[in-house]
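Right, one structure below, let's go through it.
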2 protein chains.
Amino acid sequence: MAKIKNKNNGTKKEVIVEAATRLFREKGFKAASMRDLAEAVGVEAASLYNHIQSKEELLQEICFKVANEFTQKVDEIENSDLTSIQKVEAMLRFHIRQMFHHYEMVIVADRDWKHLSDPYLSNFHSQRRVYRKRLAGIIEKGIAQKEIKPVDAPTVVLIMLHAVNGIESWHRSKEKISPKQLEENMVLIMIEGLKA
Amino acid sequence: MAKIKNKNNGTKKEVIVEAATRLFREKGFKAASMRDLAEAVGVEAASLYNHIQSKEELLQEICFKVANEFTQKVDEIENSDLTSIQKVEAMLRFHIRQMFHHYEMVIVADRDWKHLSDPYLSNFHSQRRVYRKRLAGIIEKGIAQKEIKPVDAPTVVLIMLHAVNGIESWHRSKEKISPKQLEENMVLIMIEGLKA
DNA sequence: GCGCAACTAACGGCCGTTCGTTTGTATATT
DNA sequence: AATATACAAACGAACGGCCGTTAGTTGCGC
């Protein structure tokens with residue numbers, strides 16, 4: 001076997017990345033140490049390097065996995081035959097669901113990507129800008145077609161992308177409404193305010 | 001003189017706190033070193049300790065200054081005779097303006113408060129929870145009075161508080177719309193979607 | 001017995017902070 | 001007016017500690 005499997009559901013490197021995701025989300029990339037991570041995995045710090053190249057590689061894996069998922073989704077939505085406002089809603093719902101199911105890596109990517117170093121830093125930064133422009137493009141088309149109120153599209157993108165980060169607080173709050181309810185509330189508030 | 005003044009506009013400690021605010025915003029609290037800060041102030045690292053007690057004290061000053069400003073504002077608004085929806089709008093506008101004029105300290109407080117240690121950590125955490133509950137209370141009253149759509153109030157608070165963080169990106173973007181335009185766009189999008 | 005993955009030990013480096021000293025300057029004394 | 005005093009605020013050097021990472025070795029499963 002080239003790679004050993006851990007409990008028949010993935011390589012050890014994947015286990016490490018998952019633990020790193022949780023740890024980085026909790027403490028922040030800089031404040032989380034490789035010794036912390038080793039303890040979470042149940043191993044000595046040096047042993048981690050049998051599976052990974054560096055601490056930054058872990059951050060790279062997290063950031064680009066997140067970036068690729070969002071890029072893939074916007075590819076799909078742009079090529080669909082939904083109306084513009086439906087496309088905006090679909091992207092919003094995707095963001096909300098990613099924050100439900102993979103919020104730890106989404107938050108790490110969003111908060112800690114600046115700790116990447118070049119060329120990954122520029123790469124990620126540029127992917128991020130492109131992604132936001134594509135979202136703004138969808139909204140501008142909707143405005144041109146009078147489906148959406150005449151608002152500043154980049155501002156809408158800023159609001160949407162940051163609003164969903166609030167779901168992080170939801171994850172750790174006591175009296176949670178259901179994911180479905182939260183999603184419908186968010187869509188109601190953010191999308192109704194946009195309709196022409 | 002008990003405290004010497006620097007260029008007749010404040011103590012040296014204030015100069016240090018301001019430089020720390022910029023540095024923490026840029027690099028993050030953990031990644032910013034006291035030697036970085038010293039260089040920004042134009043002094044050796046050791047000299048900083050003639051004016052401050054510790055690195056964490058700087059974070060404390062930033063976090064509680066921000067917390068106090070928001071607490072003070074919600075005191076004022078709660079006691080005003082505005083309608084509920086007007087109160088929500090007033091708080092939103094205050095958040096937006098704070099993000100225009102003092103965004104660096106607002107962002108540091110929001111992103112790095114977890115690096116405080118007790119008793120400051122619990123203190124800040126509790127202030128934060130109380131603040132959010134007060135905002136949710138305003139919204140719930142508005143719903144009861146049928147000024148506001150029947151939505152989940154804590155969710156609205158999450159959306160509002162996080163949406164304004166998007167203004168950080170605005171600060172560093174090239175093609176900026178004016179602050180006034182941004183404010184009106186944000187209010188339009190977020191408040192119109194709320195009205196019953 | 002071969003190879004992967006764990007271990008212990010240690011490296012150089014940066015961290016926040018302390019120490020003891022020097023410097024600059026505002027005030028008091030002659 | 002010149003000199004002495006006092007003290008805030010700067011400095012260079014160093015501290016113990018944790019950081020990411022490497023080296024060399026041991027042990028275990030095929």
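Take the Cβ-Cβ distance between A:S47 and A:N79 as r, set R0 to 35 Å, and report the resulting FRET efficiency rounded to the nearest 0.05. About 0.20, to the nearest 0.05. In this assembly of identical copies, the label point of A:Q72 (Cα plus 7 Å along Cα-to-Cβ) is separated from its counterparts by 5.0 nm, sorted shortest first. P(r) tail for the range A:61-129: Cα pairs beyond 18 Å make up 42% of the total. With the charge dipole of chain A set up from +1 on Lys and Arg Cβ and -1 on Asp and Glu Cβ about the Cα centre, the Cα lying farthest toward the positive end among the listed residues A:W113, A:M160, A:F70 is that of A:W113. Per residue of B:111-122, other chain Cβ atoms within 10 Å of the residue Cβ number 1 on average.
Under conditions of 4 °C and 1.567 mPa s, chain A yields 70 µm² s⁻¹ as its translational diffusion coefficient, taking Rh as the Kirkwood radius over Cα pairs in the Stokes-Einstein equation. Scalar couplings 3J(HN,Hα) for the range B:23-37, obtained by applying the Karplus form with A = 6.51, B = -1.76, C = 1.60 to θ = phi - 60°, are 5, 5, 4, 6, 9, x, 4, 5, 7, 7, 9, 5, 6, 4, 4 Hz; x denotes Gly and Pro.
Measuring nothing but how far apart in sequence close Cα pairs (under 8 Å, 6+ apart) lie, relative to its length, chain A scores a relative contact order of 22 percent.
Of all chain B residues, the closest to the B-onto-A rotation axis by Cβ, with that distance in whole Å, is B:G193, 1.
Separation of the range A:60-88 and the range B:132-194 by C-alpha centroid, Å? Answer, in whole Å: 25. With the label put 7 angstrom out from Cα along the Cα-to-Cβ vector, B:E192 ends up 1.4 nm from the copy partners, going from closest to farthest.
Let me have the 222 nm mean residue ellipticity of chain B computed from DSSP H runs of 4+ only, each contributing -39500 (n - 2.57), with the sum over all residues rounded to the nearest 500.
Details: 10 runs with 136 residues, N = 196.
Dividing the helical sum by the residues of chain B leaves -22000 deg cm²/dmol.
The same position A:D118 in the other copies lies at 4.5 nm from this copy, comparing label points 7 Å beyond Cα toward the beta-carbon, shortest first.
What the pair-distance distribution of the protein assembly as shown shows, using all Cα-Cα distances binned every 10 Å from zero, is 4, 20, 30, 26, 14, 5, 1, 0 percent. A Förster distance of 30 Å, applied to the separation of the beta-carbon atoms of B:K180 and B:K65, puts the FRET efficiency at 0.70.
At R0 = 35 Å, how high is the FRET efficiency between B:H101 and A:Q86 if r is their beta carbon distance? Nearest 0.05 is fine. Numbers along the way, then the final one.
Details: r = 38 Å, r/R0 = 1.08.
Between B:H101 and A:Q86 the formula returns 0.40.
Computed from Cα atoms, the angle from the helix B:120-144 axis to the main principal axis of chain B rounds to 20 degrees. Axis of helix B:103-112 versus longest Cα principal axis of chain B: the two differ by about 90°, to the nearest ten degrees.
A dipole drawn for the protein assembly as shown from +1 and -1 charges on Cβ atoms has a positive end, and of B:H102, A:L182, B:P179 the residue lying farthest that way is B:H102. Under the rule a/c < 1.5 gives rounded, and otherwise a/b versus b/c splits prolate from oblate, where does the range A:99-196 land using the Cα gyration tensor? Taking the square roots of the gyration eigenvalues as a ≥ b ≥ c, the range A:99-196 is oblate.
If you place +1 on the Cβ of every Lys and Arg and -1 on the Cβ of every Asp and Glu, how big does the dipole about the Cα centre of the protein assembly as shown come out, in debye to the nearest 20? Mind showing how you got there, number by number?
Numbers: 62 positive and 54 negative charges, 36 e Å.
Charge dipole of the protein assembly as shown: 180 debye, to the nearest 20.
Measuring against 24 Å, Cα to Cα, the residue pairs A:K174/B:K30; A:K27/A:K65; B:K87/B:K146; A:K65/A:K141 contain A:K174/B:K30; A:K65/A:K141 as the ones spanning a longer distance. My understanding is that a pair violates if its Cα-Cα distance is over 26 Å; which of A:K133/A:K176; B:K12/B:K55; A:K176/B:K195; A:K180/B:K180; A:K114/A:K180 do that in this structure? From the list (A:K133/A:K176; B:K12/B:K55; A:K176/B:K195; A:K180/B:K180; A:K114/A:K180), the Cα-Cα distance tops 26 Å for A:K133/A:K176; A:K180/B:K180; A:K114/A:K180.
Bear in mind these aren't lab numbers, they're just calculated from the coordinates by the rules spelled out. Predicted, not measured: the structure shown is a model, and the values here were computed from it. Positions of Cβ are backbone-derived with ideal geometry, glycine not excepted, and every protein chain shown enters the neighbour counts.
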